[in-house]
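Colleague: For reference, the structure I am asking about is given below.
The values are calculated or read from the model by the stated rules, or taken from the named source; none is laboratory data. A quick note: this is a predicted structure, and the numbers were derived from the prediction, not measured. Accessible surface is based on the protein model in full, side chains and every heavy atom, while ligands, DNA and RNA are left aside. Shrake-Rupley method; radii C 1.70, N 1.55, O 1.52, S 1.80 Å.
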Amino acid sequence: MRTTRRLVRSGLTLAAAAALPTWLAGSSAAVSGISVSTTGSTVSVVTSACTQINGSWGNASLLSSSQSSFAQGRQAALAGTTVSQSAAWSGVSPGTYTVVVVCSNGGTAGNQSVIVSAPAPAPAVPTTSSTTRSAAPSRGVMGGLGGAARDYGPLTLGIGAALVGSGVIATGWYLRKRSKPYRL
């Protein structure tokens, strides 16, 4: 009877560990497949989600807060290789924008918001003081998933989750085995 219970418990544990990568892979599909950054008045976007069709990777659009469709924004063609495609806009006014990337197959690679801040004024040169100051940024960086991090995709996240899950299961098994008294 005890052996049957142990087998059932270990089978349920293995089934849960096997289902974990599938569950995690399904939840990571909602993560944006683009990375947006800003330097001064230049906004750039990078993705690896698009494939080249008829010599085109797709287009990216920079939408201001008053624009609601892809066609209304400032569009730029994606350029790059099979590993990475990118587009950039220069001379962007300060404000909040949304970047949308549409691949050449018509699918959306993702969208992400970005804040373009006004350039910091040049620091005044002190005439009597010998200390130097550096200008602090006027606004912070937009956080969240993506941003400056690379999107690894559902397969990589699933494999990582499976390794972590199997490590947790092995640790539990080892600690349970160690907690039983030795029998001679």
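Colleague: For a quick size check, give me the Cα extents of region 24-117 along its three principal axes, largest first, whole Å.
Modeller: 34, 34, 24
Colleague: Leaving ligands and nucleic acids out of the surface, order 83, 92 by accessible area at 1.4 Å, largest first.
Modeller: Listed by decreasing accessible area, they come as 83, 92.
Colleague: Still on this structure: Run the 1.4 Å probe and let me know the accessible area of residue 36, rounded to the nearest 10 Å².
Modeller: Solvent-accessible area, nearest 10 Å²: 10 Å².
Colleague: How large is the accessible surface of residue 86 in square angstrom, using a 1.4 angstrom probe and rounding to the nearest 10?
Modeller: Number for this one is 50 Å².
Colleague: Using a 1.4 angstrom probe on the protein heavy atoms only, line up 89, 173 by accessible area, largest first. Can you show the working numbers first?
Modeller: Working: 89 10, 173 160 Å².
Solvent-accessible surface, decreasing: 173, 89.
Colleague: Report ³J(HN,Hα) in whole Hz for each residue of region 175-180, in order, from the Karplus equation J = 6.51 cos²θ - 1.76 cosθ + 1.60 where θ = phi - 60°; Gly and Pro get x.
Modeller: With the stated coefficients, region 175-180 comes to 5, 5, 5, 6, 7, 6 Hz.
Colleague: I've got another one for you. So what J values fall out for region 99-107 if you push phi through Karplus, 6.51 cos²θ - 1.76 cosθ + 1.60 with θ = phi - 60°, rounded to Hz, Gly and Pro as x?
Modeller: With the stated coefficients, region 99-107 comes to 9, 10, 10, 10, 6, 5, 7, x, x Hz.
Colleague: Quick one: how many Å² of residue 103 are accessible to a 1.4 Å probe, rounded to 10?
Modeller: Spelled out: residue 103, probe radius 1.4 Å, area about 10 Å².
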